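Note sheet for the following structure.
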Amino acid sequence: MKVSLRWLRDYAPLDAPLDHLVRTLNETGTEVGTAEDVAAGIIAARITRLEPVPKSSHGLMLADLDVGPIPPHVLVDLGFPTDPVRVVTGAANLHVGDLVPYAPPGTRPPAMDEPLEVRAFGRHKSPGMLCSPVELGLGDDATGILILERGAPGAPLRDLVDLDVVLDLEITTNRPDCLCHVGIARELAAGLGETLTEPDTSIPDSALSAASSEQRATVTIDDPAGCPRFAVCIIEGVAVGPSPAWMQQRLRAIGLRPVNNLVDTTNYVAHELGQPMHAFDLDRFVAAAGGERQAEVVVRRAQQGEGIVTLDGVARRLSSEDMVVCAGSRAVSVAGVMGGATTAVNESTTNVLLEAANWDGPTIRATTRRLNLRTDASTLFEKGLSDTLPPLALGRAAALMAETARGHVLRGSVDAWPRPLPAPGHISLTGRYAGDRLGMPIDATEAGTVLARLGFAVEQDGASLTVVPPHFRRDVWIPIDVVEEVGRMLGYANVPSTLPGRRVEATAVAPDVPPDEHTRDVCLGAGFDEAITFSFTSPALSRVLPGIGGTRSPIPLRNPLTDEWSVLRVSQLPGLCGALATNINRGVTGPALFEVGRVFWEGERQGPVPGSTPDGSDRKLPPLPLEPLVLSAAAQCTDGAACAEQIRHVQSLFDRLAVDFAGAGLMARPAQLVAMRSGRSAELLIDGQVVGVIGELRSDVVSAFELRGHVVVGELRLDGVAPDPPRALRFRAPARFPAIVQDLAVTVPSARAAGQALDVVRNAGGGLLESVELYDEYRGERIASGRKGWTFRLTFRAPDRTLTSEEAQHAQQTILAALTRECDAELRR
């Protein structure tokens, strides 16, 4: 949001230096992004020569300028002479020796909409222009060039005259009252201890007509939830023309283009008071409703698909959720966003229907998103404005229109207010309450003073305060809201730095992370995405892919939603494979999913026998199923090699979880499992108990789930590896001596199982073998037919000394001999 410092000074002195004003806004919660120099690049220049433009019928003069020792670089870039600089001017008040403001090409004087360009006058080109007071925003005189009383050629104009400064502010969403100049002036005046003078919102008697607005307009609100308040007044006999120079200067300073005195007035009041408004042509409005004299204003929801042409000339289709302003039954304005073209004011307008309303913020926000149309008005209404603002803005704008357009205002207004918003009530607090929450002593009198400067009504009884927020502050409802106001106005920088008190000695470690949460963290870190599938499935899919459920029969539902969801799952893999297929069909490459959830196994729950309740009524109830907590994983691969790598990845993921929960790794035992390829499936065991399965799906199973390529699946019963109660934390000191890591590459028969080989390596490695990892499997031309290559990573470490390479090599040779003896292994060369 842009605000003009000169405009702010209409309401408070604000004589402090600019950096102090900026610091005050920042410290009280209004962030200042930039302070824009509206006259950047404009300099002082001395006229050294004047001569008429030959054959000019408009009295144009050629003025030679001394622009100082360092000419503007843009003149050099454009190839213009700089000693002197020659411009064309039509001003009659210039003399040789005058010091004047010079705006080179590319600069933008405050009263202009666009940057200056090189302009041609016949065969003469003028690089920039000399500026009048009105062009600099310093007055209303446009007849001559501003003559500077001090300064030297080349000096920045800002150092010589009092020019405007435009502040670019970031307003928090809870402070719509600061989205206007009066709101920012109030914040600055309160922060600086100055008096705020708010604009007069009354209409002078000299501008009032004898007739009443109620004789010319009626207002009906069909949907008070969308429009709590809608007020109109009428100004007759207006003369449309340019707005006064002071108003144009204010609007241009904040980036608005002046249009005419009617439109400019509504824009001016919106940026002054923070209440958007709209001016309808009264006669066109009455005609749109099919009436003769009285304007019938109806506020309602739009009909689905209802059309309207907005002020930007675009035909738009509305939704039944949008609010509209209607002339009778015809929609003529998209409420809170933009007016319609059919009833807009133009050069021929003589009578104005002026409206100010309060709209439901979420409704306006939804409309702007749906239409992709955001305006200054919608930005304000989205934040939730006070419903007390419309009559104030209406009075201010009507008085300005009477002044600038020489119209007369019909007495009174038509104000429909069917649903007043809740008014802030009395809030009580003490200075101690505020001090305890701010961390510094707060004097109740001082707090009451700063609150009064912000517009709060304050009553003090000793150290107690009772305050009522002003009508425009709909963000203050409870005592802590008032404390925030006190804190920011007194300055958070004044809160002393102190160490936290009441330190409590730690007597216990933090509770263990639940197994399901830890599992999710590990799976996400391993590159899997979480899926959540239904607990129901079909009997056919349960038979095709039983997973860890094995031969268990699924429990049928008495009232299934569909045949596809007619039984409780015994495994999560069918649902997870369905989710995998959905991702592949949506273009996801190589998806890898996991799910942590419950499966249902009938007849395996351990509990009291039927009839254990005192009345024996539990005999009639079906036994509850066992509901183990299971981790399931599924991933798609492009080829066999990638599939083998993914199997090892899933196995290492499960092994990591087993070590975290049980302190021991899993053992893989090759097994012929339903739905999985022979030689690429295994059961996972811990302490001799089967707790999981892993493998690659057969091609027919892949097709049954409408998948493509190779698919790796695995399931791990988490309550089978996570002891209850959880394993106690144990400390193990970091190793004091370095490890020796060696790779051992061998070939073995193709049918040899990896689990057996790993057991052989662990047994043969003895106490020096810290860990072993089978990290690569190779089948190809360099391996003899019927064999495959394995590469083991061996980590050796001695607990009491630095291990020598000879000792590690001897241990490796022992392992190789054991593999050769028990697994028919050969060293791969």
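The values are calculated or read from the model by the stated rules, or taken from the named source; none is laboratory data. All values reported here derive from a predicted model rather than from experimental measurement. Every residue, glycine among them, receives a Cβ derived from its backbone with ideal geometry; neighbour counts consider all protein chains shown. The protein model used for the area step is the full one, side chains on, heavy atoms only, and it has no ligands, DNA or RNA in it. Shrake-Rupley method; radii C 1.70, N 1.55, O 1.52, S 1.80 Å.
Think of it as helices only: each DSSP H run of n ≥ 4 in the chain is worth -39500 (n - 2.57), and spread over all residues that comes to -8000 deg cm²/dmol at 222 nm. With each label modelled as a point 7 angstrom along the Cα→C-beta vector, the Ser348-Leu624 pair spans 8.2 nm. May I ask for the distance between the Cα centers of region 206-252 and region 793-829, given as a whole number of Å? Rounded to whole Å, the Cα centres lie 94 Å apart.
When the P(r) of region 449-589 is calculated, the portion above 22 Å amounts to 69% of the C-alpha pairs. Here the contact order of the chain, divided by its residue count and restricted to Cα pairs under 8 Å and six or more residues apart, works out to 8 percent.
Placing a label point 7 Å from the Cα of Asp563 along the Cα-to-Cβ direction, the residues of region 515-540 whose backbone N falls under 11 Å from that point are 539-540. Modelled spin-label separation between Thr820 and Asn763, with each label point placed 7 Å from Cα along the Cα-to-Cβ direction: 1.8 nm. If every alpha-carbon in region 471-537 counts as one equal scatterer, what log10 I(q)/I(0) does Debye give at q = 0.18, 0.22, 0.23 1/Å? For the requested q values the scattering log ratios are -0.83, -1.05, -1.12. Here is the list for region 241-315: GluC sites (Glu not before Pro) lying in DSSP coil, each with at most 14 other C-beta atoms within 10 angstrom of its C-beta, are Glu292.
Mean separation of Cα pairs under 8 Å and 6 or more residues apart, divided by the residue count, gives region 502-623 a relative contact order of 26 percent. Each peptide in 168-178, 557-567 gets a packing score, the mean of other Cβ atoms within 10 Å over its residues, and the list from highest to lowest is 168-178, 557-567.
Could you tell me the center-to-center distance, by alpha carbons, between region 313-357 and region 112-179 in angstrom? Here the answer is 36 Å between Cα centres. Please work out the Kirkwood hydrodynamic radius for the chain, using every pair of different C-alpha atoms, and report it in angstroms with one decimal place. Computed over the chain, the radius equals 35.5 Å. At a Cβ-Cβ separation cutoff of 4.7 angstrom, cysteine residues of the chain with no neighbouring cysteine are Cys131, Cys178, Cys180, Cys227, Cys233, Cys326, Cys523, Cys577, Cys823. Angle of helix 573-585 to the longest C-alpha principal axis of the chain, folded into 0 to 90 degrees and rounded to 10: 50°. Here the Kirkwood formula, the inverse mean of 1/r across different C-alpha pairs, assigns region 335-403 a hydrodynamic radius of 13.5 Å. Per residue, the accessible area of the chain comes to 49 Å², computed with a 1.4 Å probe over protein heavy atoms only.
Measuring nothing but alpha carbons in region 636-732 and taking Rh as the Kirkwood radius, the Rg to Rh ratio lands at 1.05. The stretch between Gln606 and Leu78, if pulled fully straight at 0.36 nm per residue, gains 180.9 nm over its current Cα-Cα span.
The distance linking region 442-488 with region 505-537 is 47 Å (Cα centroid to Cα centroid, whole angstrom). Across region 1-127, Cα-Cα distances exceeding 21 Å account for 53% of all pairs. DSSP finds beta bridges in the chain, and of those with both partners inside it, around 95 percent are antiparallel.
Scan region 563-663 for trypsin sites (Lys or Arg not before Pro) in coil per DSSP, keeping those whose Cβ has at most 13 other Cβ atoms within 10 Å, and list them by number. Sparse-neighbourhood loop trypsin sites (Lys or Arg not before Pro): Arg586, Arg605.
Across region 168-285, the volume of the C-alpha convex hull divided among the residues equals 167 Å³ per residue. Taking only protein heavy atoms and a 1.4 Å probe, the accessible area of the chain is 51% carbon and sulfur. Cα convex hull, region 259-378: 98 Å³ per residue, rounded to a whole number. With a simple spin-label model that places each label point 7 Å from the Cα along the Cα-to-Cβ direction, the separation between Ala155 and Asp141 comes to 1.9 nm. The ratio of the alpha-carbon radius of gyration of region 71-221 to the globular-protein estimate 2.2 N^0.38 Å is 1.56.
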